[in-house]
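Asks: I'd like to ask you about the structure that follows.
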Amino acid sequence: MKFYKDHYDVIVIGGALAGLSSALMLADKGKDVLVLERHNLPGGIASSFVRGGIEIEAALHEMMSIGAKDNRLKVGKFFDDMGVDIEWLKVPEAYHASFPGVEVTLHPGLERFAKEVDGVVPGTYEKVLKLLNLCHTVFDSVNELSIHPMSKAKMLVKHEAFVKTAGYSTQEVIDTFDLPKKAQELLAPYWIYVGSGFSELPFTIFAVLMADYIGYGSYIPRKFSHEMSLKMAERAEAMGVQIEYRQHVDKILVRDGKAYGVRTARGDEIYADYVISSSYPNKVYTSMIEPASEVPQKAIKMVNARRMSLTAFSVIMILDQPAAALNINDYSIFRGETMNTDILYNNLAGLGPYRYLTCICHNYGNPTCTPEGTCSFSVTVLPQVNGWKTVTAEEYDAVKHRVAKQVIDDMSDYFGANLLDHVLEIVIETPMTVSRYTNAWNGCIYGYAHTMEDHIVARLQTAEEESIIKHLEFSGAHAISGDGMGPQVTNGRKAAKNVLDAMAAEEARK
Amino acid sequence: MKVKGFLKDVTGASRVTKARLNAFESASATPETVDPIAEVVKQWHPGKLDLIVSEVRAVSKTAKTIRFEKVSGGKLPFFYAGQFIVLDFQIGESIISRPYSISSAPYQARLDKGFVEITVRRSRGDGFIADYINDTVKVGDTFKGLIGCGQFYYEPLRDAKHVVALAGGVGITPFASMAKEIAGGTLDMDLTILYGSVSSDDIIMKEELEAIRSDKVHIVHVLSGDEADWQGEKGFLTAELIKKYSADDTTYFICGPQAMYMFLREELKKLNAPLRRIRFEVFGQAKDITTFAGYPAEVKDQTFKLTVRRGIHEDVIPAKATESLVVALERAGIRIDTGCRSGECGFCRTKILSGSVYVCPENDGRRAADKDFNYVHACAAYPTSDLTIKIPIE
């Protein structure tokens, strides 16, 4: 039986947001694409599941870079351009920040946000707005430069703020604004997820995230992230892409330094001119390239040098009360014993007790997402992978339950309502869950940490020489734009663009 | 803005690039091939395993327990008491899988010579595989099995410490696993099993269960048939009887035949227990799909043309209106992954490319977006016209 064509233009390993974005863009340019996904549905962790008849969001807190219908940002525009018609619901707030001495709900809109910070720390409006505007200037530059690269000299003239802040950490730049500690802390809660405290986080990344999130707000699909993933997959298939589920790619076939196909766990050998891998470089270079002798030492040093970013531990519950009856009043609550991101980052190294919790009550973004009289509430910690790497199979269940209980108890204390008295359904997701469903290296959902040693600007400048095996591109959280669901679309497009450019160059040579 | 002075500021981009290249240069050249997170996953969810039957024993007049070990020996994966195994059977041309609640305890799977057991009762003429197991399976037979599926298990962060299990017939199996795990000291809960059987010689695993009674495991037999010398509880599992064995805060776990589910749904309402305290095991494949609300009776005697796409390959097979798509595929020897066969787990998620189906309303566990795009769980979908589907290549 013949399940595959003799040859494809491109094989994409992984049918999540990055892989599907690559597939969409390549199909849009008329390329013949095969997507191989190991799970039986698209999306990776951008998915949902059904428990007790209730559909539950698996991972998405919110999508950035979408923008309002008449003012789309790059991810929203890409979906529109590709004909991926998602029903977006606007998340009503930025976040509720809760740390010692502060309880405040902050909203998107640079001025509104600055005003709300000023409400907590009077006299900071001008400074905070100035900082946010700087973020926005850097954001605009990054967006423009990602489309139109230019010389350094020209960059300095047209994108001065971007160039001048590129070499500094978030803390170094924020320090120049002379903001009181409390105001700084109000800017901090969200960004720990990119895998660094402020002393290590490149300001460029902070600026882009801040401008996007605070400037334009965030969105969720009405029918959970599965709506987004499925609509991408359906659209890709309608454009001629072949997607095969439950196909685990074991090997990437390489000859003379150039990828030419893959082999699946089933034993199918499939050939293509190009391969795009959503599998981590760590996995690809240590066990997937065949023959292994095609992997240069440089590749191993490169993956060993990079720090894995954070992963996720989530307790997702359906509670048998409306949210307000349990004193849950916001879509997202960021609660920390401190908002010093460097202290928090260190706390994430272990297995708890965790001191910084991210909570989502889905109903405030999507009121009909659970049956009447119930609500969906999740508590998430974003631990470093190292702590979880020490957990054995024997103790796994006990650790998982201990951590889950800690985070639920902490939030119960905060709400003054024992959430454990109201659990209709509960699902505990760990790095192992991520690994089980996506095979992500170390169960890490966020690729490599953004640090001053692994700076996005540096990533961009050395991208070409890091392309070690020809005709093999990487697309996923481990790619240049890094972590988060929105950036996966960007990563996927970038990989597709590299393939298209290489195809065009080869065509020109002929 | 200015951080450290104009020159330093504008050379920042070059500085970070240099820092990154230096980090690459000084990194170790030894490949790190082991992913410890994935190693844990392998021990919990290794996928389908090659299993060998190491023991077959009768556990009632009509039921047998089959013990499986790993062909390669050693420990079997972790699972939760109450979960099921999916076993693959090759019978003639057909490749058929079936879920069976595991009746042994999780700790027994983790022994050096780990095992899992299933307990299967001979059918009353309608259970092809149940009879096959009772008549044919013997020590030394090999099967592929996926251990540890399903959501029917005690979750300490959700359930009351006091659990009343309502079991009917062979529905005792998940509770046998829980009881043995409690006896083994690895599950902390109080379990009272109200076990309904027709007659005393119909009781499955009677001696095994007697042996593990304790202050944490109570077993109450309830006979629906008339037996003159029976001293215990009689009749059905009524609200009144259930109440007698309940604590102030009790979680009810229910596993048994479909008729019992229908009866208990009404009885449990009378107890006014909160919804979160009531946990039904999956419904199982509909016995007679034509009896469900909205079933288009006019097609029930028809056989449709089912075009099955796998990759770029196509097969055309017959599909009876009263049999699920999974059954049609299995009859034709086309592999499809299945789990619960109750529409819940979604293993058999299938795209309907054209044509129409009826989805069993008891077993419609689909995601909302999947419904919009004509995906079905093939175990719960019945053809109502000729149709074309796409399934994964197995």
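Asks: Summing -39500 (n - 2.57) over the DSSP H runs of n ≥ 4 in the protein assembly as shown and dividing by its residue number, what mean residue ellipticity at 222 nm do you reach, to the nearest 500 deg cm²/dmol?
Replies: -9000 deg cm²/dmol
Asks: Output the Kirkwood hydrodynamic radius of segment A:323-439, Cα pairs only, in Å rounded to one decimal. Let's see the in-between values first.
Replies: On the way: mean 1/r = 0.0649 Å⁻¹.
For segment A:323-439, inverting the mean 1/r across all distinct Cα pairs yields 15.4 Å.
Asks: Compute the separation of the alpha-carbon centres of segment B:10-82 and segment A:313-329 and state it in Å as a whole number.
Replies: 33
Asks: Next up: Going out from 0 in 10 Å bins, what whole percent of all Cα-Cα distances in the protein assembly as shown drops into each bin?
Replies: 2, 11, 20, 24, 20, 12, 6, 2, 0, 0, 0
Asks: Once you've got the GNM for chain B with C-alpha springs shorter than 10 Å, pick whichever of B:A167, B:A247, B:A321 has the biggest mean-square fluctuation.
Replies: Maximum among the listed residues: B:A247.
Asks: Separate question: Specify the angular offset, from 0 to 90 degrees and rounded to the nearest 10, of the alpha carbon long axis of helix B:258-271 from the longest principal axis of the alpha carbons in chain B.
Replies: 90
Asks: Here is a further query. Note the per residue figure in Å³ for the convex hull of the C-alpha positions in chain A.
Replies: On the way: hull volume 77.5 nm³, N = 510.
Considering the Cα atoms of chain A, their hull volume per residue is 152 Å³.
Asks: Write out the trypsin sites (Lys or Arg not before Pro) in segment A:1-84 meeting two conditions: DSSP loop, and at most 11 other Cβ atoms within 10 Å of their Cβ.
Replies: Numbers: sites: A:K2, A:K5, A:K29, A:K31, A:R38, A:R51, A:K69, A:R72, A:K74, A:K77; in loops: A:K2, A:K5, A:K29, A:K31, A:R38, A:K69, A:R72.
Those that pass, being in a loop and sparsely packed, are A:K2, A:K69.
Asks: Further, regarding this structure: In a Debye calculation with equal point scatterers on the alpha-carbon sites of segment B:108-232 and no solvent, what is log10 I(q)/I(0) at q = 0.15, 0.21 Å⁻¹?
Replies: Calculated log10 I(q)/I(0) at the listed q: -0.86, -1.38.
Asks: Can you give me the convex hull volume of the Cα atoms of segment A:6-115, divided per residue and expressed in Å³?
Replies: 170
Asks: Just flag the trypsin sites (Lys or Arg not before Pro) in segment B:43-127 sitting in loop per DSSP whose Cβ has no more than 13 other Cβ atoms within 10 Å. Working shown, then result.
Replies: On the way: sites: B:K48, B:R57, B:K61, B:K64, B:R67, B:K70, B:K75, B:R110, B:K113, B:R121, B:R122, B:R124; in loops: B:K48, B:K61, B:K75, B:R110, B:K113, B:R122, B:R124.
Listed in order of number, the matching sites are B:K61, B:K113, B:R124.
Asks: Can you sort A:W441, B:W230, A:W88 from fewest to most other Cβ atoms within 10 Å of each residue's own Cβ? List each step's numbers first, then the result.
Replies: Values: A:W441 24, B:W230 14, A:W88 20.
Final ranking by Cβ density, sparse to dense: B:W230, A:W88, A:W441.
Asks: Also: Which lysines does A:K494 reach when only Cα atoms under 17 Å apart count, and residues fewer than 8 places away in its own chain are ignored?
Replies: Here the lysines satisfying the reach criterion relative to A:K494 are A:K29, A:K31, A:K74, A:K77, A:K470.
Asks: Next question, about the same structure. Hey, any idea what the orientation-averaged projected area of the convex hull of segment B:293-334's Cα atoms comes to, in nm²?
Replies: Values: hull surface 13.5 nm².
Directional mean of the projected Cα hull area for segment B:293-334 stands at 3.4 nm².
Asks: Report, in debye and to the nearest 20, how large the dipole of the protein assembly as shown comes out about its Cα centre when Lys and Arg carry +1 and Asp and Glu carry -1 on their Cβ. Could you put the intermediate results ahead of the total?
Replies: Details: 102 positive and 115 negative charges, 330 e Å.
In total the dipole reaches around 1580 debye.
Asks: Then there is this: Compute the relative contact order of segment B:289-390 as a whole-number percentage, counting only Cα pairs closer than 8 Å that sit 6 or more residues apart in sequence. List each step's numbers first, then the result.
Replies: Working: 206 pairs, mean separation 33.8, N = 102.
Here the relative contact order equals 33 percent.
Asks: For segment A:348-358, what does the Karplus curve 6.51 cos²θ - 1.76 cosθ + 1.60, with θ = phi - 60°, yield as ³J(HN,Hα) per residue in whole Hz, taken in order and with x for Gly and Pro?
Replies: 7, 6, x, 10, x, x, 8, 9, 9, 10, 10
Asks: Can you sort A:V84, A:V499 so the residue with the fewest Cβ neighbours within 10 Å comes first? Provide the component values of the computation, followed by the final result.
Replies: Numbers: A:V84 20, A:V499 27.
Fewest-to-most Cβ neighbours within 10 Å comes out as A:V84, A:V499.
Asks: Lysines near B:K61 by alpha-carbon distance under 27 Å, same-chain residues fewer than 8 away left out - which ones?
Replies: By straight Cα distance, B:K61 reaches B:K138, B:K180, B:K206, B:K234, B:K287.
Asks: Express in whole angstrom the spacing between the alpha-carbon centres of segment A:233-288 and segment A:67-99.
Replies: Segment A:233-288 and segment A:67-99 have Cα centres separated by 31 Å.
Asks: Add +1 for every Lys or Arg and -1 for every Asp or Glu among the other residues with Cβ under 10 Å from the Cβ of B:R367, and state the total.
Replies: Numbers: positive: A:K223, B:R349, B:R366, B:K371; negative: A:E55, A:E227, B:D370, B:D372.
Residues close to B:R367 contribute a combined charge of 0.
Asks: If you don't mind, another one. Computed over the Cα atoms, what is the radius of gyration of chain B divided by 2.2 N^0.38 Å, N being its residue count? The partial results should precede the final answer.
Replies: Numbers: Rg = 25.9 Å, N = 394, 2.2 N^0.38 = 21.3 Å.
My calculation over the Cα atoms of chain B gives 1.21.
Asks: Output the relative contact order of chain A, whole-number percent, from Cα pairs under 8 angstrom with separation of 6+ residues. Walk me through the numbers on the way to the answer.
Replies: Values: 1032 pairs, mean separation 116.2, N = 510.
It rounds to 23 percent for chain A.
Asks: Turning to a different aspect of this structure: In Å, what is the Rg of the alpha-carbon atoms in segment B:289-390, and how long is Dmax?
Replies: So, for segment B:289-390, Rg and Dmax equal 12.4, 37 Å respectively.
Asks: Sticking to Cα atoms, compute the Rg of segment B:1-159 to one decimal and its Dmax as the biggest Cα-Cα distance, whole number, in Å.
Replies: 26.7, 90
Asks: Place +1 on the Cβ of every Lys and Arg and -1 on the Cβ of every Asp and Glu in segment B:289-390, take the dipole about the Cα centre, and give the residue among B:A378, B:I336, B:Y295 whose Cα lies farthest towards its positive end.
Replies: B:I336
Asks: Within a 10 angstrom radius of the beta carbon, how do A:E227, A:E237, A:E372, A:E111 rank from fewest other beta carbons to most?
Replies: Numbers: A:E227 24, A:E237 18, A:E372 7, A:E111 12.
Listing A:E227, A:E237, A:E372, A:E111 from fewest to most nearby Cβ atoms yields A:E372, A:E111, A:E237, A:E227.
Asks: For peptide A:49-55, compute the average count of partner chain beta-carbon atoms within 10 Å of each residue's beta-carbon. Numbers along the way, then the final one.
Replies: Working: counts 4, 10, 3, 8, 3, 0, 6.
The mean count of partner-chain Cβ atoms within 10 Å per residue comes to 5.
Asks: Another question, then. What list of ³J(HN,Hα) couplings, whole Hz, do you get for segment B:297-304 from phi and the Karplus terms 6.51, -1.76, 1.60, once you set θ to phi - 60° and write x for glycine and proline?
Replies: Result, ordered by residue: 4, 5, 9, 4, 9, 8, 10, 9 Hz.
Asks: Calculate how many DSSP beta bridges within the protein assembly as shown are antiparallel, expressed in % of all such bridges and rounded to the nearest 5.
Replies: Working: 96 of 146 bridges.
Roughly 65 percent of the beta bridges in the protein assembly as shown run antiparallel, per DSSP.
Asks: What Cys residues in the protein assembly as shown have no fellow cysteine's beta-carbon under 4.7 angstrom?
Replies: A:C135, A:C359, A:C361, A:C369, A:C375, A:C444, B:C149, B:C255, B:C348, B:C360, B:C379
Asks: Report the percentage of all Cα-Cα pairs in segment A:64-177 whose separation exceeds 24 Å, rounded to a whole percent.
Replies: Values: 2882 of 6441 pairs.
Of all Cα-Cα distances in segment A:64-177, 45 percent exceed 24 Å.
Asks: What is the spread of the Cα atoms of segment A:374-500 along each of their three principal axes, largest first, in whole Å?
Replies: Largest to smallest, the principal-axis extents are 55, 33, 28 Å.
Asks: Ratio to report: Rg/Rh of segment B:162-280, with Cα atoms as the point set and Rh obtained by the Kirkwood method; give two decimals. Each step should come with its number before you reach the end.
Replies: Values: Rg = 13.5 Å, Rh = 14.4 Å.
Answer for segment B:162-280: 0.94.
Asks: Quick one: net charge of B:L187's neighbours, Cβ under 12 Å, K/R +1, D/E -1?
Replies: On the way: positive: B:K161, B:K180, B:K216; negative: A:D397, B:E155, B:D159, B:E181, B:D188, B:D190.
Value of the local net charge: -3.
Asks: Just tell me which lysines come within less than 19 Å, Cα to Cα, of A:K182; anything on the same chain fewer than 8 places away is out.
Replies: By straight Cα distance, A:K182 reaches A:K115, A:K127, A:K130.
Where a number appears in this text, it was derived from the coordinates with a stated rule and is not lab data. Note that this is a predicted model, so its numbers are computed, not measured. Cβ atoms come from the backbone with ideal geometry, glycine included; neighbour counts cover every protein chain shown.
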